[in-house]
Amino acid sequence: MPFAVSDSVSGVLYTALDGVSLRQQVVADNIANVDTPGFRSTTVSFESSLRNAIANGDFADGVAEVPVTTTPTNSPVGTNGNNVDLRKETLSAMQSQYTYQLLTRAVSDRYSLISASVAR
C-alpha cells in the first residue's frame, strides 16, 4: 500500500536535499568552467535559512519556503579573470556528496520505519 508522508521531519529532509542538490550542480558548473576566461564561481547557501525555518516552526504542516541563494564568490581573480579554486571546489563536491548520501539514507530509513509501523 503506497503512502505519502507530509510531516515536519520529511519536509526538512526534502528541503535539505533540494539545497544540497543545487549545491552539487553549482559546484559541477564551477569545476567545468575552471579554465573559462572571465568565469566567476558561485556558492549556494541555505543552511541558515533552513535552521531559521525549523526554529520558527515553519515546517508544522510539512512544507516551508526556505530561500536558497546563489552568490558569486570573493575569491581572488586570476590573470584570465577566472576565480575558480579547483581545490576548494573539489572539497565542496566531496562534502556535498557525503551530505547528500546521509540525507538520502535518513529519508530511506524514515520511510522504512513508517512502512514497518503501517504494516503492523
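The values are calculated or read from the model by the stated rules, or taken from the named source; none is laboratory data. Since the model is a prediction, treat every value here as computed from it, not as a measurement. FYI the Cβ positions are ideal-geometry reconstructions off the backbone, even for glycines, and counts take in every protein chain you see.
Which one is farthest from GLU65 (Cα to Cα), of the residues in region 22-32 that are of a type in the set (S, T, N, Q) and in contact (Cβ under 8 Å) with a residue 24 or more places away in the chain? Within region 22-32, the match that is farthest from GLU65 (Cα to Cα) is ASN30. Within region 59-76, being at pLDDT 90 or above, surrounded by 14 or more Cβ atoms within 10 Å (Cβ to Cβ) and of a type outside the set (Ser, Thr, Tyr) holds for VAL66, VAL68.
Output the residue which, of all residues in region 77-90 that are in a loop (DSSP other than H, G, I, E, B) and polar (S, T, N, Q), is surrounded by the most Cβ atoms within 10 Å (Cβ to Cβ). Result: ASN82. Yes or no: THR99 under 20 Å from the mean Cα position of the chain (by Cα), loosely packed, with under 15 Cβ neighbours inside 10 Å and assigned to a helix (DSSP H, G or I)? When the stated conditions are applied, THR99 does not pass them.
Out of SER108, SER112, SER96, SER45, one residue alone is within 21 Å of TYR14 (Cα to Cα), in contact with a Lys or Arg (Cβ under 8 Å, 6 or more places away or on another chain) and of a type outside the set (Phe, Trp, Tyr). It is SER96.
Residues that are part of a loop (DSSP other than H, G, I, E, B) and polar (S, T, N, Q) were ranked within region 1-34; the one that is modelled with the highest pLDDT is ASN33.
Considering region 10-21, the residues that are crowded, with 16+ Cβ neighbours inside 10 Å and free of Cβ contacts under 8 Å to residues at least 60 places away in the same chain include one that is farthest from SER108 (Cα to Cα), namely GLY19. For region 97-109, the criterion of being out of contact with any Gly (no Cβ under 8 Å at 6 or more places or on another chain), at negative phi, touching a residue at least 12 places away in the same chain (Cβ under 8 Å) and charged (D, E, K, R) is met by no residue.
Going by the structure shown, is ASN74 polar (S, T, N, Q), touching a residue at least 12 places away in the same chain (Cβ under 8 Å) and out of contact with any strand residue (DSSP E or B) (no Cβ under 7 Å at 6 or more places or on another chain)? No, not satisfied.
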